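Structure, as structure tokens:
The values are calculated or read from the model by the stated rules, or taken from the named source; none is laboratory data. Note that the structure is predicted; figures quoted are calculated from it, not measured. Note that we place each Cβ from the backbone using ideal geometry, even for glycine, and neighbour counts take in every protein chain shown.
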Amino acid sequence: MKAKFDFKSIKTYEDACKKEGINPLQLPDMSMIDLGMGKALITAYKLFVIFKAINDGWEPNWDNAREYKYFPWFYVAADAARPGGFGFSDSDYAYWCANTYCGSRLCTDTSEKAMYIASTFKDLYIDFFLIQ
């Protein structure tokens, strides 16, 4: 019987790499990306590794609407130090509404895991979502 995995043992990207058998120093080559996206893409890779490690083999089944999938959600308020922000893709007025929903690799099977990732890896999300 497989021992129960404590997802809270993943406290860093390096912890996630160790669990997944990945060399944390071997990152994707971004040398051909010349659009200021290298940092965000490397950060996305790191988040993928972290989610894979914390999910411990669980993968979302996007064909199953009854299977709950949890992901961190951030609201970034503009301030003098960091103007701008990001948010949910939603627009509605009067009788019309446009929403955007998409499946994501960055989800978990429990709310507790999603909240843990949000609090533990908040700096990675800032690097991923915000232009700095």
Going by the structure shown, is THR12 closer than 22 Å to PHE129 by Cβ, at pLDDT below 95 and among the polar types (S, T, N, Q)?
no
Counting just the residues of segment 7-60 that are free of Cβ contacts under 8 Å to residues at least 12 places away in the same chain and touching a Cys at 6+ places or on another chain (Cβ under 8 Å), which one comes out surrounded by the most Cβ atoms within 10 Å (Cβ to Cβ)?
PRO24
Expected single match for outside any loop (DSSP other than H, G, I, E, B), at negative phi and in contact with an Asp or Glu (Cβ under 7 Å, 6 or more places away or on another chain) among LYS18, LYS39 is LYS39
Can you tell me how many residues in segment 108-128 are in a helix (DSSP H, G or I), more than 15 Å from TYR75 (Cβ to Cβ) and either among the polar types (S, T, N, Q) or touching a Gly at 6+ places or on another chain (Cβ under 6 Å) (or both)?
2
With the checklist (1) in a loop (DSSP other than H, G, I, E, B); (2) closer than 16 Å to ASP123 by Cα; (3) at pLDDT 95 or above in hand, flag the one item PHE74 doesn't pass.
(3)
For a quick check of your reading of the model, give me the residue pairs whose first member lies in segment 106-119 and is hydroxyl-bearing (Ser, Thr, Tyr), whose second is assigned to a helix (DSSP H, G or I) and crowded, with 18+ Cβ neighbours inside 10 Å, with beta-carbon atoms closer than 6 Å and at least 6 apart or on different chains.
THR108/ASN55; THR108/ALA114
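Would you mind finding the one in GLY57, GLY87, GLY21 that is small (Gly, Ala, Ser) and modelled with pLDDT under 85?
Values: GLY57 fails: modelled with pLDDT under 85; GLY21 fails: modelled with pLDDT under 85.
Residue meeting the stated conditions: GLY87.
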